[in-house]
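Encoded as structure tokens, the structure appears first; notes follow it.
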Amino acid sequence: MARLGKGLDALIPRDSGLTASDVQQAAVESIRPNPHQPRTVFQQEQLEELAESIRVHGVIQPLIVKRGPGEGFTLIAGERRWQAAKLAGLAQVPVVLREADDQALVELALIENVQRADLGPLEAADAYQQLHTEFGLSHEQISQRVGKSRVAVTNTIGLLELSDAVKKALVAGEISEGHGRALKSLESAQAQNAALGTVVSQGLNVRQTEELVRKLKGRKPPAAAKPAPPADVRALQSELRDALGTKVSLQHGAKGGRITLFYYSEEELDALIARLLQRK
């Protein structure tokens with residue numbers, strides 16, 4: 001079997017020079033969909049547009065199939081073309097036969113959709129998880145096969161931990177994958193659903209959603225770093241520290257300021273008072 005890490009080009013390389021003998025016609029009704037097809041939603045309008053193109057030009061790129069069950073065929077890649085061909089009323093479609101086991105069916109259907117950016121985030125998450133749990137692939141191995149970073153694969157799989165309501169909003173396009181990742185850090189479905197209501201009703205962006213989640217979890221946003229005092233103020237602070245023998249903070253402004261003196265024991269306080277009052 002072709003090495004899957006090369007993606008669809010491993011099955012039909014772009015420079016392979018397919019000849020007529022490599023392509024055969026198969027009855028549309030003899031083909032069954034890939035049972036491991038990760039894509040569950042096909043936009044009807046896009047299918048109808050593709051069907052109209054197929055009526056005019058035919059199916060230009062062959063479908064990739066394997067033999068079985070029985071005398072029929074199982075799709076490896078090309079479900080959109082197959083669906084559109086049925087809409088166009090075609091009786092036969094061009095196919096290329098390849099060998100593939102169940103793992104290959106998952107991987108190649110996933111790769112085809114990822115390369116064309118057709119998968120929704122939850123569809124990709126389900127497919128990645130299937131490769132991980134059923135076929136024992138690590139997140140790193142999955143990332144190599146689909147051309148994504150390991151972190152991206154792990155983050156996408158994490159979307160499966162979202163509440164049903166958040167998943168529904170993600171599928172419907174009410175929130176983005178970034179929103180989903182932010183909401184996932186809330187531990188309970190109830191908390192995620194409550195935050196989702198705020199995100200949707202107020203139209204929060206991803207950054208605002210992350211801030212909302214931090215507040216709900218009781219985390220204060222990181223304090224902004226205080227600007228360093230000017231050089232002349234730092235020099236005066238140093239001079240006062242040397243003269244008084246303790247840490248000195250000087251806040252200076254156009255209308256005045258304040259000096260803060262620090263001490264760390266009763267003895268240091270007594271010594272500081274003596275210096276200020278010039279006691280011996």
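The values are calculated or read from the model by the stated rules, or taken from the named source; none is laboratory data. In this text the structure is predicted, and so the values were computed from the model without any measurement. Cβ placement follows ideal geometry from the backbone for every residue including glycine, while neighbour counts extend to all protein chains displayed.
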Only one of (1) at pLDDT below 85; (2) part of a helix (DSSP H, G or I); (3) of a type outside the set (S, T, Y) is not met by A225, so which one is it?
(2)
What residue, among those in the range 133-167 that are of a type in the set (S, T, Y), outside any helix (DSSP H, G or I) and more than 13 Å from the chain's Cα centre (by Cα), is farthest from A189 (Cα to Cα)?
S138
Going through A228, A191 one at a time, which residue ends up being more than 17 Å from the chain's Cα centre (by Cα) and in contact (Cβ under 8 Å) with a residue 12 or more places away in the chain?
A191
Got a number for residues in the range 59-85 being in a strand (DSSP E or B) and either touching a helix residue (DSSP H, G or I) at 6+ places or on another chain (Cβ under 7 Å) or over 12 Å from V28 (Cβ atoms) (or both)?
9
I'd like to know if the range 242-264 contains one or more residues that are closer than 30 Å to I157 by Cβ and loosely packed, with under 12 Cβ neighbours inside 10 Å.
no
Can you confirm whether T198 is within 30 Å of Y263 (Cβ to Cβ) and either assigned by TED's automatic domain parsing to the domain that holds E267 or surrounded by 10 or more Cβ atoms within 10 Å (Cβ to Cβ) (or both)?
no
One residue from L250, L269 being of a type outside the set (S, T, N, Q), part of a helix (DSSP H, G or I) and outside the structural domain of A172 (by TED's automatic domain parsing)
L269
Given (1) at pLDDT 80 or above; (2) closer than 24 Å to I60 by Cα, identify the lone condition not met by Q115.
(1)
Report whether or not S176 is among the hydroxyl-bearing types (S, T, Y) and surrounded by fewer than 14 Cβ atoms within 10 Å (Cβ to Cβ).
no
Read through the list (1) outside any helix (DSSP H, G or I); (2) surrounded by 18 or more Cβ atoms within 10 Å (Cβ to Cβ), then give the number of the only condition that A104 fails.
(1)
All but one of (1) closer than 30 Å to G158 by Cβ; (2) part of a loop (DSSP other than H, G, I, E, B) hold for L212; which doesn't?
(2)
